[in-house]
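Undergrad: I'd like to ask you about the structure that follows.
The values are calculated or read from the model by the stated rules, or taken from the named source; none is laboratory data. In this text, all values refer to a predicted model and were calculated from it rather than measured experimentally. With ideal geometry, Cβ positions are generated from the backbone for all residues, glycine too; neighbour counts draw on all protein chains shown. The protein model used for the area step is the full one, side chains on, heavy atoms only, and it has no ligands, DNA or RNA in it. Shrake-Rupley method; radii C 1.70, N 1.55, O 1.52, S 1.80 Å.
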Amino acid sequence: VVCLESDLQDGQMMEVEVGQHSVLLTRSEGQYSAIGNQCTHYGAPLSKGVISGNTVRCPWHGACFNVHTGDLEEFPGMDCLPCHKVKIQNSKVYVTVNTKVSRQNVMVYYLSVSVGAASLICAETLRQENFGGRIIMVTRDDLLPYDKTRLSKVMNVENDSILLRRMEFFQQYDIEVWLRKEVMSVDTDKKKVTFDDGSVESYDQLLISTGCRAKGLDVPGMKLKNFKLLFLQMLSEKNVKFYMNDFVMEIKGVDGKVKEVVLKSGYVIPADVLIVGIGECNAYFFLSACISCLQYMRTNVPSVYCGGDLATFPLAMAKNQLVNIGHWQMAQAHARIAALNMLDKPTELSSVPFYWTVLLGKTIRYAGGLTHTCTNDEVIAAASLNYDPAVSAVAERFAAGKIITKKEAEYVKSFHLWIILVILLVFTLTPSGHKISYYRFN
């Protein structure tokens, strides 16, 4: 027994403990349901998120799950949630935990150039939709698909700890992964791909999702041994000296290793190791430019699909304006749409872009796809700082096609400031040692 039938009203949810299991109990249209409470992305408690109809949205990164089935409905979650049995008897709610492992949200495609988030989700989607043909994922890298978003947040991460799927997964679902193999050209007339080792592979459908690469310095000395390119920039908080309004002209070395960095200003900086972190660029390799997608993530070339950072695509919430959004969740969404359409299951992209990061211990969330937050007195984006699940709530309204007016947003903003002032006043007037409880208004 987890609660009384009257404890939850329609559109409400709460976390309950059943044995050692954290369960999300929801009530929607009079029906009680119970699913796992931890998001399959980073384990956020879904009970702290936003429920709307039959969907619960993660408070941290916007992943969505069906409250009745546990099915994954929006990324960046990786798997479905376990679904538990609920029984109402004598006005009490009983939950029986399903101890079976949740099914993999298996979704890829026929030949995928790269093994990032997009190619993985494409391959999994194809298998989930019962595609029985051959699936090949190809990359010039030497790692299986891994979580790149953690690279800027976990400094001591080990390669093995950030893999999205292990080799056993690919073997179980008969997905071939070719590592350390670079695509040199694609013949779209003959549907053939040529690799750096001279081999050629045919395809029926092709997904191109090469992502981004770290930018390199185009200066003398770049072939010396002891320097590294950073995919994501990092700054230490101390012991850092900045040379402003300057740039690198040359890298000098001794015995093939970096020894000095020469700046335009004339400064010469001794160096034992040189780390270059100057941003990133799309990894086209064999392509001449960024790819524009038509409807369904198709390109203008038959049987060729595109997803991820290098794709320009129509964004539904922006009236199908063509945009380029290089973010994790959208790459996954692109891939699922591509896979479904490869299988002749016409499906349009309807995802609401959702971004997140952590800076100096502060969480930042952003939902929306454009560079400003209002247009024509309508809210088209929202950002928050340490205020979950506010942006998830806004994203859910965007996904439902509901309009948020600028006036409404300004009212909510002023109301929250008023609440904060009241809370500060209460703390000021309360004797030291008294515990204060308050509710956050979402």
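Undergrad: Report every pair of residues separated by at least 6 positions or lying on different chains whose Cβ atoms are under 6 Å apart, first residue within the stretch 191-218 and within 16 Å of residue 279 (Cα to Cα), second among the aromatic types (Phe, Trp, Tyr) and open to solvent by 10 Å² or more (accessible area, probe 1.4 Å).
TA: 214/231
Undergrad: Report, by residue number, each residue of the stretch 36-64 that is surrounded by fewer than 23 Cβ atoms within 10 Å (Cβ to Cβ), of a type in the set (Gly, Ala, Ser) and over 14 Å from residue 12 (Cα atoms).
TA: 36, 43, 44
Undergrad: Across the stretch 320-354, which residue is modelled with the highest pLDDT among those that are closer than 24 Å to residue 384 by Cα and either surrounded by fewer than 22 Cβ atoms within 10 Å (Cβ to Cβ) or over 17 Å from the mean Cα position of the chain (by Cα) (or both)? Don't jump to the end; show me each part of the working.
TA: If we filter the stretch 320-354 for residues that are closer than 24 Å to residue 384 by Cα, which is where we start, we get 323-333, 350-354.
When the remaining residues are screened for being either surrounded by fewer than 22 Cβ atoms within 10 Å (Cβ to Cβ) or over 17 Å from the mean Cα position of the chain (by Cα) (or both), the result is 323-327, 350.
Details: 323: 90, 324: 89, 325: 89, 326: 86, 327: 88, 350: 93.
The qualifying residue modelled with the highest pLDDT is 350.
Undergrad: Determine whether the stretch 65-75 contains at least one residue that is under 21 Å from residue 388 (Cβ atoms) and small (Gly, Ala, Ser).
TA: No, the conditions are met nowhere in the stretch 65-75.
Undergrad: Just the residues that are open to solvent by 30 Å² or more (accessible area, probe 1.4 Å) and assigned to a strand (DSSP E or B), please, taken from the stretch 202-225.
TA: 202, 213
Undergrad: Before we move on, is residue 106 in contact with a helix residue (DSSP H, G or I) (Cβ under 9 Å, 6 or more places away or on another chain), open to solvent by less than 30 Å² (accessible area, probe 1.4 Å), at pLDDT 95 or above and among the β-branched types (Val, Ile, Thr)? Steps first, please.
TA: Working: in contact with a helix residue (DSSP H, G or I) (Cβ under 9 Å, 6 or more places away or on another chain): yes; open to solvent by less than 30 Å² (accessible area, probe 1.4 Å): yes; at pLDDT 95 or above: no; among the β-branched types (Val, Ile, Thr): yes.
Criteria not met by residue 106.
Undergrad: Now, a different point. For the stretch 1-35, which positions are modelled with pLDDT under 95, within 23 Å of residue 354 (Cβ to Cβ) and surrounded by 15 or more Cβ atoms within 10 Å (Cβ to Cβ)?
TA: Within the stretch 1-35, just 28 meets the criteria.
Undergrad: Spot the failing condition for residue 67; the list is (1) modelled with pLDDT of 95 or more; (2) surrounded by fewer than 17 Cβ atoms within 10 Å (Cβ to Cβ), and only one is missed.
TA: Here residue 67 meets the rest and fails (2).
Undergrad: Which residues, taken from the stretch 235-263, are in contact with a Leu (Cβ under 9 Å, 6 or more places away or on another chain), at pLDDT below 85 and within 25 Å of residue 359 (Cβ to Cβ)?
TA: 237
Undergrad: Answer with yes or no whether residue 416 is modelled with pLDDT of 85 or more and of a type outside the set (A, V, I, L, M, F, W, C). Give the steps one after another, and end with the answer.
TA: Values: modelled with pLDDT of 85 or more: no; of a type outside the set (A, V, I, L, M, F, W, C): yes.
Here the answer is no, as residue 416 does not meet what is asked.
Undergrad: Ok, one more. Is it the case that some residue within the stretch 125-138 is more than 25 Å from residue 80 (Cα to Cα), assigned to a loop (DSSP other than H, G, I, E, B), open to solvent by 60 Å² or more (accessible area, probe 1.4 Å) and at pLDDT below 90? Can you show your working first?
TA: Our first condition is that a residue be more than 25 Å from residue 80 (Cα to Cα); within the stretch 125-138, this holds for 138.
Then drop every residue that is not assigned to a loop (DSSP other than H, G, I, E, B), which leaves none.
Among the residues of the stretch 125-138, not one is more than 25 Å from residue 80 (Cα to Cα), assigned to a loop (DSSP other than H, G, I, E, B), open to solvent by 60 Å² or more (accessible area, probe 1.4 Å) and at pLDDT below 90, which makes the answer no.
Undergrad: Determine the pairs where a residue that is closer than 16 Å to residue 211 by Cα, located within the stretch 145-160, has a partner that is exposed (fewer than 13 other Cβ atoms within 10 Å of the Cβ) with Cβ atoms under 8 Å apart, the partner being 6 or more residues away or on another chain.
TA: 146/159
Undergrad: Which numbered condition in (1) hydroxyl-bearing (Ser, Thr, Tyr); (2) within 30 Å of residue 146 (Cα to Cα); (3) touching a helix residue (DSSP H, G or I) at 6+ places or on another chain (Cβ under 7 Å) is the only one that residue 69 fails?
TA: (3)
Undergrad: Moving on to the next point. Quick one: is residue 176 assigned to a strand (DSSP E or B) and open to solvent by 50 Å² or more (accessible area, probe 1.4 Å)? Before the answer, list the steps.
TA: Working: assigned to a strand (DSSP E or B): yes; open to solvent by 50 Å² or more (accessible area, probe 1.4 Å): yes.
Yes, satisfied.
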